[in-house]
Amino acid sequence: MKPLVLGPGNVPVITDPAEAAADIPLTALSAITHAADPRINAILKALATALRGEDADDLAIFGELTELGLGNTPAADIWRQLMTVDLSFFRSPTAERLRAEGRSEGRSEGIAGSILRVLERRGLAVDDETRQRIRTCSDVEVLQCWLDRAVVAETADELFA
């Protein structure tokens, strides 16, 4: 038995999107083994571009495998940013749901932050329990109601009346 060891010395650097599309598994391996290579941006961009032509299942598999393989390296952060941007072209129900959840979550966080800022600027005390309740609420309508109340409330507790 002869072990086969893969590493930067025997895995090609794939930076051409057409070459990446021709062999996505090898390109994913290239990205993982060359995570510390100065050309990692080009490798990851080639892989992300190649994945545009794949179905949602392949995208999910190779996207996840690549992210796991990159671990906690700076390349993993680059990959996550690329996939966040590049997922916009996927119109599967799952991709659409994830985008909608992300927008809703971001909106909720923004409104919660505004509520706390209004209370703070008005000099009203906000205990940890109230702060947590505001931060963990994901219902945009409820948060908007609380924001309206934060402008006129005498205490933070009046938000929830």
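The values are calculated or read from the model by the stated rules, or taken from the named source; none is laboratory data. Computed from a predicted model, the values in this text were never measured in an experiment. No Cβ is skipped: glycine too gets one built from the backbone with ideal geometry, and neighbour counts run over all protein chains shown. Please note that ligands, DNA and RNA were not included when accessible areas were found on the heavy atoms of the full protein model with its side chains. Shrake-Rupley method; radii C 1.70, N 1.55, O 1.52, S 1.80 Å.
Taking every protein chain into account, the accessible area of the range 117-161 amounts to 71 square angstrom per residue (probe 1.4 Å). Among the trypsin sites (Lys or Arg not before Pro) in the range 39-68, those located in a DSSP loop and surrounded by at most 15 other Cβ atoms within 10 Å of their own Cβ are Arg39, Arg52.
Per residue, the accessible area of the range 1-59 comes to 57 Å² when a 1.4 Å probe rolls over the protein heavy atoms. Think of the chain as a dipole: +1 on every Lys or Arg Cβ, -1 on every Asp or Glu Cβ, centred on the Cα centre; then among Thr136, Thr155, Thr66, Thr66 lies furthest on the positive end. Counting protein heavy atoms only, the chain has 54 percent of its accessible area on carbon and sulfur, 1.4 angstrom probe. Taking one quarter of the surface of the C-alpha convex hull of the chain gives a mean projected area of 13.9 nm².
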